[in-house]
Structures are given as C-alpha cells and as structure tokens.
Amino acid sequence: MQASNALHAHAFSREERATIYRNMLARRDVRSQFVPDPVDDAVLARILTAAHFAPSVGFMQPWSFVLVRDPAVKQRAHEAFTQANAEAADMFEGARREAYKSLRLEGILEAPVNLCITCDRDRDGPVVLGRTHQKAMDLYSTVCAVQNLWLAARAEGLGVGWVSIFHKAAIRDILQLPERVMPVAYLCIGHVSHFLDRPELEAAGWRARLPLDQLIHFDCWDGASPSGDALKAHLREAQALATNGCPPL
C-alpha cells in the first residue's frame, strides 16, 4: 500500500485530472462562432501568461506576441488570407475543391482580438542549449506556447482559431516584423456563441480522427511488443471515451 501511495503522490486529484482532460477534449478551432463582446484585459493577461510559461528548449523563450485590435490591420490580414485561400482552393480538384470552398477557415474580422505569436530566431544568440543540432527547436518551442494559450483560453470560455492560410511575407509586412522574427501562429480570439461538439472539419466530413492504436510502434517503426495488445486495448477504450467527450479516466 505504501508503494502504491508513493507512485501517486504527485498526481492531481481525479477531479482535477478530469477537468484538465475535459479542457483538452473541449478545445475547438473556432471560425464562425465569434461574438463582438470585448475580451477583458485581465483575461487576456492570464492566457498570455499561460503561453509565456510554456516549455522551451534551452529555456530560450523565443516567442513574442503581436496583439491586433485595429480594424485596418485586421482588414489587411483578411485580404492576405482571401488571396492565399483562393490559391489554396485551386490546389484541390473536383469535389474536394468544392468541399474546400464551402469551409469557413477564419474569423479575422469578427474576433475582437487577433494575435500573432512569433519566434525570434536570434533570441538567445547563435549557440543555444538543445538547439545545437536541431535548429527548428525554437519553432517547436513556440508552438508549445500556442497550445498553452489555446487551452487557457478554452478554460476562460474564449474561442481560438488558428489561421494558417497566408503567405508568410504578407503577414511579416502587415505586422512590420523584423527579418529575424518569424510569424508562427496567427490566432483569432474572442467570446463565442457556442462551442461545437466535434471539430468542425470532422463534422463536415473533411477527415475522420485516426485510430490511436494504429499509430503506436514499439522500439522501432513497425516494431511489435509482447505486451502491446494490452496497451492497445486501453488505447481503444480511452479513445472511445474521448470521442464522446468523456475524460479517459
């Protein structure tokens, strides 16, 4: 019993764990559900703090945050999206192209706050602990900040939508970013009328969620394990619960 208690000494309570998992499962990429109510600065400060406390390789903290509230700047961003989105549609063919055109993929003008999370690729100098052999680790670290902010926003009842259909140079020009600073995520943030029960692209039939048990390998690609079947059974059970919005506890 003592050994069992020691194993769980650092775990959150079941109720706390359920809340964390519920937040992850309820997070959505919001496009068309934004309402015009302003986002309180205190709430904005909390979710930005969550982003700033994300993990980063070498503790480099390469991120910065460009808040966009000016309608004129939003309009320019929307125009850049519209151009890139038309180009993107032409990359698909037939029914897939028509399905793409039917999707709403941004909420730039409707969201009270637009936020560009950037990565300063020179933030910690030419040699950075943990980035010596994998130069993209600063970008990956910045994406951790995006995820932290997204989950914190959902906990606050705010919707977040990631708009990725841009030419990087266009966003750099609109936001007057220095050459060393890369735009990583352009986000639309605001209160919403409702959150969808399922991810919008899944509900629209664009793509189904993959079975997790088919994505697990043991010791090497396509490697098997004598105990693998037991784990995969747990994975199928957990994914079934999560698919129905239930914390997999």
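Rule-based calculations on the coordinates, nothing more; no lab input. This is a predicted model, so every value here is computed, not measured. No Cβ is skipped: glycine too gets one built from the backbone with ideal geometry, and neighbour counts run over all protein chains shown.
Miscellaneous remarks
- Student exercise, the chain dipole from Lys, Arg, Asp, Glu Cβ charges, in Debye to nearest 20: 80
- Taking the C-alpha atoms only, the angle from helix 71-89 to the longest principal axis of the chain is near 70 degrees.
- Computed packing ranks the peptides 113-120, 221-228, 79-86 as 113-120, 79-86, 221-228, most packed first, by mean other Cβ atoms within 10 Å.
- Shown here for region 103-133: trypsin sites (Lys or Arg not before Pro) in loop regions (DSSP other than H, G, I, E, B) with at most 13 other Cβ atoms within 10 Å, namely 104.
- In a DSSP loop and with at most 13 other Cβ atoms within 10 Å, the trypsin sites (Lys or Arg not before Pro) in region 30-102 are 69.
- Cα-based reach from residue 101 at 30 Å (exclusive), listing lysines while leaving out same-chain residues under 8 positions away: 74, 168
- Shape category assigned to region 161-249 from the gyration tensor of Cα positions, a/c cut at 1.5: oblate
- Within region 100-188, the GluC sites (Glu not before Pro) that combine a DSSP coil assignment with at most 10 other C-beta atoms in a 10 angstrom radius are 179.
- Relative contact order, whole percent, for the chain stands at 30, derived from Cα pairs under 8 Å and 6 or more residues apart.
- Size descriptors for region 6-83: radius of gyration and Dmax over Cα atoms are 18.1, 57 Å.
- Of the peptides 52-60, 16-24, the order by per-residue mean of other Cβ atoms within 10 Å, starting with the highest, comes out as 52-60, 16-24.
- One Cα centroid belongs to region 182-217, the other to region 57-103; the line between them spans 16 Å.
- Helical mean residue ellipticity (222 nm; -39500 (n - 2.57) per DSSP H run of 4+; nearest 500) of the chain: -13000 deg cm²/dmol
- Short-range pairs are left out: with C-alpha atoms under 8 Å and at least six residues apart, the relative contact order of region 209-249 is 36 percent.
- Backbone N atoms of region 34-57 closer than 14 Å to the 7 Å Cα→Cβ label point of residue 193 belong to residues 34-37.
- Against the main long axis of the alpha-carbon atoms of the chain, helix 14-26 sits at an angle near 40°.
- Read-out mean projected area of the Cα convex hull in nm², derived from the coordinates shown; its label in (i) 15.5; (ii) 17.5; (iii) 16.3: (ii)
- Between residue 26 and residue 135, residue separation times 0.36 nm minus the direct Cα-Cα distance comes to 35.9 nm.
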